[in-house]
Amino acid sequence: MTRPLLRPLFLLLVLAACSVEESTALPVPAAEAVSTEQVAAHESEPGPSAAALADPSHAILFEQHEITDPARGDMPAYRLLVPHGWKLEGGITPVAPAFSMIPTFSQVTVEAPDGRGAMFWSMLEFGCADGYDYPIYTPFEGRPFFPLQASLGDYWMLLFERAPAKGVTKMEVVSERELSAATKHVRKQYAAMYESTRQENAQLAGIGESMEFDAHARELVLRYTKDERRIEATVFAVWRRAIYRYPDGSIRRAMWNLDNMYAVFGPVGTNPRQDPVLAAIVRARRELPEWQVAIQRWYLERNQQIVAEGLANLAATARAQATTHATQSQDVLDISFQGWKSRNAAGDAGQASAVNGIHERTTYAEPGGTTIDLPSHYNNVYTDGLGGYVLHNDANYEINTDPAFNGREWQRIEPQR
């Protein structure tokens with residue numbers, strides 16, 4: 001039994017037209033990873049008020065949550081820090097057999113009572129070819145069918161047109177741009193693929209065909225009305241594509257991906273891209289190495305099966321390169337949120353000297369000998385040793401005298417030396 005996710009615009013990705021009971025449908029993101037009981041217990045614990053949580057200058061209580069993968073024996077997949085009182089919904093869903101090229105599907109939402117929030121997706125991989133007019137998300141050679149789009153905005157507008165989310169109206173693209181620093185980093189990661197494409201084109205020239213490969217990072221700003229509230233959302237994604245063309249330029253086969261995609265959103269005027277709490281949620285998401293290894297193993301085994309069955313419609317190098325960066329790239333995520341620090345620090349001269357010169361992410365040593373990576377937007381960090389973390393920037397604030405927090409024992413932790 002799955003619980004519906006909170007429904008900002010980004011639920012369109014699930015596609016209401018695809019029923020989870022149908023063997024050929026993409027699964028609706030499951031919420032079993034965070035049970036009703038967990039959410040109820042989480043919300044019943046004493047904590048700061050909603051007004052306090054909305055104030056970025058106040059000490060923020062974050063609680064660590066673990067998302068598990070039911071397709072791999074409920075293996076822990078990644079961890080999120082969620083502010084106390086915010087809703088965490090969604091999870092990882094096994095993929096229907098018809099989508100045999102896709103290892104997993106994940107969609108997770110973290111949302112505040114005031115409508116601010118963040119959403120994360122797993123890697124999305126689509127297939128298409130000219131001459132086919134299937135409904136979007138129809139199984140196509142093991143991938144969801146989706147025509148290649150000219151931009152990230154076109155992708156989202158098509159989703160809105162074909163499967164609008166309940167309560168969402170008046171959606172518009174405000175802006176879209178390429179993130180030059182992240183694109184440079186991504187293309188460096190794929191240097192081997194660019195070289196492989198050059199070599200393959202030399203071979204294909206004899207029959208007049210060609211191959212294209214490209215990857216770039218994009219930032220898309222959307223606005224829409226959700227339940228009579230005007231919402232602004234910023235979506236970050238790495239757009240990657242490998243295309244084989246016939247001599248006339250038509251697409252013989254294409255595989256295209258949206259990697260590392262996440263979004264921050266909030267009511268218009270709340271500036272979600274400059275919200276320190278949303279920045280903290282995004283920057284603290286961490287995939288677990290054991291789960292990354294399991295996903296890589298799945299890709300390697302699937303690639304071997306593809307070769308054995310003679311089913312490879314794209315070059316083996318394209319598949320191999322896809323596996324290399326199939327999981328969340330923390331470097332790209334870091335770059336996509338670069339600039340928050342400087343904008344935020346400039347607005348508070350009293351904190352500027354402390355904020356300047358530190359990195360966006362800091363590794364802290366915990367009392368038990370473990371470590372945790374936390375956002376560097378906060379200068380003071382405390383833990384209760386039970387998955388709770390309080391972050392703040394007020395040098396005069398004393399957590400043990402704050403009635404919102406003094407029901408637990410808090411210990412200050414320092415950056416790892």
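Computed with a 1.4 Å probe over protein heavy atoms only, the accessible surface of segment 71-126 comes to 23 Å² per residue. Computed over segment 249-311, the range of Cα coordinates on each principal axis works out to 54, 41, 14 Å, biggest value leading. Working from the Cα coordinates of segment 177-289, the gyration tensor eigenvalues give, after taking √(5λ), semi-axes of 37, 18, 10 Å in decreasing order.
Leaving out ligands, DNA and RNA, and with a 1.4 Å probe, what % of the accessible surface on segment 67-136 is carbon or sulfur? The computed percentage sits at 53. Translational diffusion coefficient of segment 151-228 (Stokes-Einstein, Kirkwood radius from Cα pairs, 10 °C, 1.306 mPa s): 103 µm²/s.
In this structure, the amide hydrogen of V268, modeled 1.01 Å from its nitrogen in the peptide plane, lies closer than 5 angstrom to those of R230, I231, E232, counting only residues at least 5 positions away or on a different chain. From largest to smallest, the equivalent ellipsoid semi-axes obtained for segment 70-144 from the alpha-carbon gyration tensor read 30, 17, 8 Å.
How big is D for segment 192-239, in µm² s⁻¹ as a whole number, if Stokes-Einstein is applied with the Kirkwood radius of its Cα pairs at 4 °C and 1.567 mPa s? Value of D from the Cα-based Kirkwood radius: 92 µm²/s. Per-peptide packing, taken as the mean over residues of other Cβ atoms within 10 Å, places 86-97, 162-173 in the sequence 86-97, 162-173 from highest down. When Rg and the Kirkwood radius Rh are both evaluated on Cα atoms of segment 69-193, their ratio Rg/Rh stands at 0.98. Descending by average beta-carbon neighbour count within 10 Å, the peptides 278-289, 293-304 line up as 278-289, 293-304, the highest first.
The values are calculated or read from the model by the stated rules, or taken from the named source; none is laboratory data. Values in this document were obtained by computation on a predicted structure and should not be read as measured data. Every residue, glycine among them, receives a Cβ derived from its backbone with ideal geometry; neighbour counts consider all protein chains shown. Accessible surface is based on the protein model in full, side chains and every heavy atom, while ligands, DNA and RNA are left aside. Shrake-Rupley method; radii C 1.70, N 1.55, O 1.52, S 1.80 Å.
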